[in-house]
1. Could you list, in sequence order, the residues of the range 115-146 that are assigned to a loop (DSSP other than H, G, I, E, B), crowded, with 16+ Cβ neighbours inside 10 Å and of a type in the set (A, V, I, L, M, F, W, C)?
2. Kindly indicate whether residue 67 is buried (at least 17 other Cβ atoms within 10 Å of the Cβ) and among the hydroxyl-bearing types (Ser, Thr, Tyr).
3. Being crowded, with 22+ Cβ neighbours inside 10 Å and not acidic (Asp, Glu) is true for just one of 192, 200, 187. Which residue is that?
4. For the range 185-206, which positions are of a type outside the set (S, T, N, Q) and either away from the ligand (no atom under 15 Å from the Cβ) or in contact with a helix residue (DSSP H, G or I) (Cβ under 6 Å, 6 or more places away or on another chain) (or both)?
5. Mind telling me which of the residues 5, 33, 29 ends up being surrounded by fewer than 21 Cβ atoms within 10 Å (Cβ to Cβ) and of a type in the set (A, V, I, L, M)?
6. Scan 89, 93, 48 and give me the residue that is within 24 Å of residue 174 (Cα to Cα), in contact (Cβ under 8 Å) with a residue 60 or more places away in the chain and hydrophobic (A, V, I, L, M, F, W, C).
7. With the checklist (1) more than 12 Å from the ligand (Cβ to nearest atom); (2) free of Cβ contacts under 8 Å to residues at least 24 places away in the same chain in hand, flag the one item residue 285 doesn't pass.
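Any read-out appearing in this document is the output of simple, stated calculations on the displayed coordinates, not a laboratory observation. Everything numeric here is computed off the predicted structure, so don't read it as measured data. All Cβ positions, glycine included, derive from the backbone under ideal geometry; neighbour counts span all protein chains shown.
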Amino acid sequence: SSPSVALNTGLQMPVLGLGTYKLCDPEDVHRAVDAALSAGYRAFDSAAVYRNEADLGKALRELLPKYGLTRKDVFITSKLGPKDQGEKAMEGALHSLSQLDLEYIDLYLIHWPGTQGLAVADERNPGNRAQSWASLEELHGQGKLRAIGVSNYTPAHMRELMQSCKVPPAVLQVEFHPRLCQPELRSLCKESGVCFQAYSSLGKGELLTDPVVLEVAENCKRTPAQVLLRWAVQQGIPVLPKSSNPDRILQNAEVFDFSLSDTDISRLSALDCGHRFCWDPSGVA
Ligand code: A2P
C-alpha cells in the first residue's frame, strides 16, 4: 500500500487516493474499488455531489474482506455539497455518514466556498461558510468526522477561516498540476500546518499530451500519467487520480518506485501559467 502523510490531527492520510468523481454506476464503483484495493490504494475520495457515497460504502463493505482489510485500514473522504452550506450543514454531513453507512468519516471537506442558489458574489457566503465550519467542528468533536478541511478555497477564504476557526482545517484540496502550481496556497498551507492535497493532477486527461510531459515520460520510461502524479508526490503532495479503468487505476498507483530528476521537476513546474481545467473559485465572496 502507498505511503502516508501525518495530518495536524495526528491522523495518517495515504498519499495516494482514488478520485471517484463521475463514478456513479454501482457496478463501475465496485469494479474501480476492487481494482484500487488490489493495486494498494487505501484512500477513496467521494462527495455528496458525486452521488456515489452509498455505492462506495457498499463496495467497501463487500470488498474489504477479500483483501483481509477492515474499516480502519482505509481512509474515506467525502464533502459537503454547496446546497448544504450554512444552516443545512449538520444535516448534510449526517446524510453523508448515513449514505456511506459508516460510523465515522476520516476526512470531511467543505466542497466549495460558495452556496448553491446564491449569487457567487452574495455577501451571505461568508456567514454560510462559518456556519458550515462550526457544524463540522461539532461533528469532529463527537468523533464522527476524524479530520475536517476545505476544498477549492482561495487564499482569502483560507485566511478568513484561519482567523475564525476553533479547529483549524487539516486539509486543503485544490486543483494542482504543472500548469497550476498554486504557490500562494502552498506557502499558506505550509505556514499554517494544513496539508495541501491535489485534485485533477492529470488536468482532466488533457495534460497527458503536453509535449514536456511526453518528453519526460519518454526519458524515464514511464507513462505521462505516472510522470504527472510523481511530480506531485515527489514534492510531498498527496494525489487523487480518478479513473474507472482497472489498468489505469493500477498504472496510477505505480509512482513510488521511481524518481524524477530535479531538472525534470523544474521543467514541469515551469509550465505554470495559472491555467484551470476546473471551476475557478476566485470570484466567490
Ligand atoms: P478513465 O476513467 O477512462 O481512465 P483528472 O483526475 O485530472 O481529472 O483526470 C481524470 C481523467 O483522466 C479521466 O477522464 C480518466 O479517464 C483519465 N485517466 C486517468 N488515469 C489515466 C491514465 N493513467 N492514462 C490516461 N488517462 C487516464
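1. Across the range 115-146, the qualifying residue is only 118.
2. On the way: buried (at least 17 other Cβ atoms within 10 Å of the Cβ): no; among the hydroxyl-bearing types (Ser, Thr, Tyr): yes.
So residue 67 fails the test.
3. Numbers: 192 fails: crowded, with 22+ Cβ neighbours inside 10 Å; 187 fails: crowded, with 22+ Cβ neighbours inside 10 Å.
Sole residue among the options that is crowded, with 22+ Cβ neighbours inside 10 Å and not acidic (Asp, Glu): 200.
4. At the first step, the residues of the range 185-206 found to be of a type outside the set (S, T, N, Q) are 185-186, 188-191, 193-196, 198-199, 202-206.
Of everything in the range 185-206, those that are of a type outside the set (S, T, N, Q) and either away from the ligand (no atom under 15 Å from the Cβ) or in contact with a helix residue (DSSP H, G or I) (Cβ under 6 Å, 6 or more places away or on another chain) (or both) turn out to be 185, 186, 188, 189, 190, 191, 193, 194, 195, 196, 198, 202.
5. Details: 33 fails: surrounded by fewer than 21 Cβ atoms within 10 Å (Cβ to Cβ); 29 fails: surrounded by fewer than 21 Cβ atoms within 10 Å (Cβ to Cβ).
Step by step, each of 5, 33, 29 is checked, and only 5 is surrounded by fewer than 21 Cβ atoms within 10 Å (Cβ to Cβ) and of a type in the set (A, V, I, L, M).
6. Details: 89 fails: in contact (Cβ under 8 Å) with a residue 60 or more places away in the chain; 93 fails: in contact (Cβ under 8 Å) with a residue 60 or more places away in the chain.
Only one candidate passes the filter, namely 48.
7. Residue 285 satisfies every listed condition except (2).
So that you can scan it fast, the table gives a plain yes or no per residue for (1) among the small types (Gly, Ala, Ser); (2) crowded, with 16+ Cβ neighbours inside 10 Å; (3) out of contact with any Pro (no Cβ under 6 Å at 6 or more places or on another chain):
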position	(1), (2), (3)
210	no, yes, yes
221	no, no, yes
230	no, yes, yes
236	yes, no, yes
241	no, yes, yes
263	no, no, yes
276	no, no, yes
282	yes, no, yes
